[in-house]
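Contents: one structure, followed by commentary.
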């Protein structure tokens, strides 16, 4: 599994590529990249819901976590520890930024 990390002003974009089908056992050894915990994290990639659940939990200590949805033109906040950013907020993000 490959990860790509890109830094932006208020958040870090963590994109992943599973490089084909994966099995749940991959979670036992998966080491997602470290990020700046004082920023939000946006997750992007094609993967099963259990992988997203794992990554959201992994990045829980950051100020907020969102998942990218290209249909909305941004990332939906799913958890937050700071005022002003709440679950359900959409963080605008262009498809060029997600590449």
Kindly identify region 48-99 as rounded, prolate or oblate by the Cα gyration tensor criterion: order the square roots of the eigenvalues as a ≥ b ≥ c, call it rounded if a/c is under 1.5, otherwise compare a/b with b/c, prolate if a/b is larger, else oblate.
-> oblate
Hey, fewest Cβ within 10 Å first, where do 19, 10 land in order?
-> 19, 10
Most fluctuating residue given options 12, 62, 29, as computed from a GNM of the chain linking Cα atoms under 10 Å | 29
Candidates 38, 71, 46: whichever shows maximal mean-square fluctuation once the chain is modelled as a Gaussian network with Cα springs under 10 Å = 71
Would you mind listing how long the chain runs along its three principal axes, going by Cα atoms, in whole Å with the largest first?
-> 37, 27, 22
Against the longest alpha carbon principal axis of the chain, how many degrees, from 0 to 90 and to the nearest 10, is the axis of helix 49-58 turned?
-> 60 degrees
Pick out which of 30, 13, 55 has the largest mean-square fluctuation in a Gaussian network model of the chain, springs linking Cα atoms closer than 10 Å.
-> 30
Here, residue 2 and residue 36, labelled 7 Å along Cα→Cβ, have an inter-label distance in nm of 2.5 nm
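Here, each number is a calculation from the coordinates, and none is a lab measurement. Since the model is a prediction, treat every value here as computed from it, not as a measurement. Virtual Cβ from ideal backbone geometry, glycine too; neighbours counted across all protein chains shown.
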